1. With respect to the numbered conditions (1) at pLDDT 95 or above; (2) on the phi > 0 side of the Ramachandran plot, which one is the sole condition not fulfilled by GLY143?
2. Of all residues in segment 17-33 being free of Cβ contacts under 8 Å to residues at least 40 places away in the same chain and of a type in the set (Ser, Thr, Tyr), which is surrounded by the fewest Cβ atoms within 10 Å (Cβ to Cβ)?
3. Are any residues in segment 99-117 among the hydrophobic types (A, V, I, L, M, F, W, C) and within 16 Å of HIS83 (Cα to Cα), and if so, which ones?
4. Is there any pair with a first residue in segment 64-86 that is within 24 Å of GLU137 (Cβ to Cβ) and a second that is in a helix (DSSP H, G or I) and among the hydroxyl-bearing types (Ser, Thr, Tyr) whose Cβ atoms are under 6 Å apart and which are 6 or more apart or on different chains, and what are they?
5. Report, by residue number, each residue of segment 67-95 that is of a type in the set (D, E, K, R), at pLDDT 95 or above and not in a helix (DSSP H, G or I).
6. Applying the selection to segment 5-56, what residues are more than 24 Å from ASP122 (Cβ to Cβ) and not in a helix (DSSP H, G or I)?
7. Is it the case that some residue within segment 116-130 is polar (S, T, N, Q) and either assigned to a strand (DSSP E or B) or within 25 Å of GLU16 (Cβ to Cβ) (or both)?
Amino acid sequence: MISERPLSAGELVQFEHYRRKGLDLLGTSASAEPKQLVEAIDEYVTAWQDKRRGLLAMLRSRGDAVEPARALGVVWGDQIVRHFDWTWTCEIRGDEERFAITSPNRSLIIYAPQFIHDCLHDPIRDCTVMLAFNMQEAGNFTGCKAGDYVDVMSGVFRIVPRR
């Protein structure tokens, strides 16, 4: 059973902190076009991963990915909200709560901060945020019923690998 709740006042304050931090990491402002910001996030994550490939790099602590992941996840989610009229929410499954953005009819969901964290933590994972944005813009996510909460990013893969 999936339910959701709106973000609390305290969470909104945290999101604003991460929003500013994410924009600082990208060296841009919130007034940039959503597609440009998503592309910048995609490039940032790919560059981060490139620095962490190889045996010596893999021995480094992964703890340094938490704050940038939250920051970039919030900025990415904001662009989906801006461009596609989605909504930030806290999804609840059992005792677990996760921040996500959802389509208006709740057919689709993206766990933006978690996806970015997974990409920063695993240098082999393909960062497909730009691909997902382009696919969404092209209308490729159809056929899901209202209230299904289908995880968009679980089905976004490149046919031809980036690397």
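1. Result: GLY143 fails condition (1) only.
2. SER31
3. The answer is ALA100, ILE101, LEU108, ILE109, ILE110, ALA112.
4. Qualifying pairs under 6 Å: ALA71/TYR18; VAL74/TYR18.
5. ASP85, GLU91
6. Hits for segment 5-56 are ARG5, PRO6, LEU7, SER8, GLY27, THR28, SER29, ALA30, SER31, ALA32, GLU33.
7. So in segment 116-130, the residues polar (S, T, N, Q) come out as 128.
From the residues that got through so far, the ones that are either assigned to a strand (DSSP E or B) or within 25 Å of GLU16 (Cβ to Cβ) (or both) too are none.
Within segment 116-130, none of the residues are polar (S, T, N, Q) and either assigned to a strand (DSSP E or B) or within 25 Å of GLU16 (Cβ to Cβ) (or both).
The values are calculated or read from the model by the stated rules, or taken from the named source; none is laboratory data. Just so you know, these numbers come straight off a predicted model, no measurement behind them. Methodologically, a virtual Cβ is constructed for each residue, glycine included, from the backbone with ideal geometry; neighbour enumeration extends over all protein chains shown.
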